[in-house]
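Asker: Sharing a structure, written as structure tokens. Questions coming.
All of the numbers you see were taken from the coordinates with simple rules; none came from a lab. Everything numeric in this text was worked out from a predicted model, so none of it was measured. Glycine gets a Cβ as well: all are built from the backbone with ideal geometry, and neighbour counts include every protein chain shown.
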């Protein structure tokens, strides 16, 4: 089975606490919304303390249309990706020439050639490196990207692969949209990037990798297209976000996890750690409830939400990085999970290698 060797994170240099962001957003809202205090209450209820932004606050008002936003996305996303992947290569002491597959994920900007191709002009990967751009999976893509790389490594056990994700959610904000879902998203979502090195079980780094990916699973829930996603409009990406997400987590996740454990012949084993995408307070509370988790078992997910907001596909990778810094005991079983547009889920069963 594949092994997760290391994770590195990177962020845009602009960081603001939630109160500073509220003051800036008030300038837009007070022109059109009579009860600004109600909007601010939504922001405080998401329990986010601060977020990284792709641009300085004063530059957002200068963006005009999708083209401006996307140009900014390409520029900053490439900077963040280059930093995350460079740090990963240095940390793991692996040459970029040894990477057989380079996969990327995003849902907050468009680039053709795709982001990993542009990265190859910054970092000297082999000309033979295979590329896999993933778009449209949203928050799901952090776990899904690892799983798709694992699919490749299962058939190429001597190979090494890098999966990286960059999400600049702030560049999708629609300042003129005063819908509840857009107001919540302006308070919840943040910007960041992360990169993961995954190796096959016959690679030289497998023996020093802290997590083994025992099995993984995708789950698609029919007729849920309007639960989460984007509407593409002239000004860019307009959020689709349903309040039903916590209910879907409660209804669907337990049976999917049970099936994953059963397929791995571990149905009677207890999961000892959880790497859960921090979609929001209600989503994390739903996870705690359905899996009967004690206070603190989703510690890194709550901390990620508070310090960085929901960074879409990057968040679960940030939680993964924190878990690697504080590994559970050898042979502990864990779950990595994320949900996103379709609506659907991606799961991975992990075991601590040392």
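Asker: Note the angle between two axes, namely the Cα long axis of helix 18-29 and the longest principal axis of the Cα atoms of the chain, as a number of degrees from 0 to 90, rounded to the nearest 10.
Answerer: Long axis of 18-29 versus the principal axis of the chain: about 40 degrees.
Asker: Just order 256-263, 156-163, 277-284 by mean Cβ neighbour count inside 10 Å, highest at the front, would you?
Answerer: 277-284, 156-163, 256-263
Asker: Continuing with this model, one more query. Quickly rank 244-250, 97-103 as a protection proxy: mean count of other C-beta atoms within 10 Å, highest first.
Answerer: My ranking of the peptides, most packed first, is 97-103, 244-250.
Asker: Quick check: the distance between the Cα centres of segment 305-320 and segment 5-57, to the nearest angstrom?
Answerer: 15 Å
Asker: If I build a Gaussian network model for the chain, linking alpha-carbon pairs within less than 10 angstrom, which residue out of 295, 243, 130 has the largest mean-square fluctuation?
Answerer: Maximum fluctuation in the GNM of the chain, among the listed residues, is at 295.
Asker: Given just the C-alpha atoms of segment 252-321, how large is their convex hull per residue in cubic angstrom?
Answerer: Spread over its residues, the Cα hull of segment 252-321 gives 98 Å³ apiece.
Asker: Quick one: grab Rg to one decimal and Dmax as a whole number for segment 111-229, Cα atoms only, in Å.
Answerer: Rg then Dmax for segment 111-229, in Å: 17.5, 53.
Asker: When averaged across all projection directions, what area in nm² does the alpha-carbon convex hull of the chain cover?
Answerer: It is 16.7 nm².
Asker: As an exercise, find the ratio Rg/Rh for segment 71-166 from alpha-carbon atoms, using the Kirkwood inverse-distance average for Rh.
Answerer: 0.94
Asker: Stretch residue 15-residue 58 to full length: gain in nm at 0.36 nm per residue minus the Cα-Cα span?
Answerer: Extra length from residue 15 to residue 58 when fully extended: 14.2 nm.
Asker: Give the Rg/Rh ratio for segment 3-207, taking Rg as the radius of gyration of the Cα atoms and Rh as the Kirkwood radius, to two decimals.
Answerer: 1.04
Asker: With viscosity set to 1.002 mPa s at 20 °C, what whole-number translational diffusion coefficient in µm²/s follows for segment 62-104 from Stokes-Einstein and a Kirkwood radius over Cα pairs?
Answerer: 174 µm²/s
Asker: Give me the percent of Cα-Cα pairs in segment 210-352 that sit more than 27 Å apart, rounded to a whole number.
Answerer: 19 percent
Asker: Right, something else. Restricting to bridges with both residues inside the chain, how much of the DSSP beta-bridge set is antiparallel, in percent to the nearest 5?
Answerer: 75 percent
Asker: Right, something else. If packing is taken as the average number of other Cβ atoms within 10 Å across a peptide's residues, how do 49-58, 333-342 rank, most packed first?
Answerer: Going by the mean number of other Cβ atoms within 10 Å, highest first, we get 333-342, 49-58.
Asker: To the nearest 10 degrees, how steeply does helix 281-290 sit against the main Cα axis of the chain, on a 0 to 90 scale?
Answerer: In the chain, helix 281-290 runs at an angle near 40 degrees to the longest axis.
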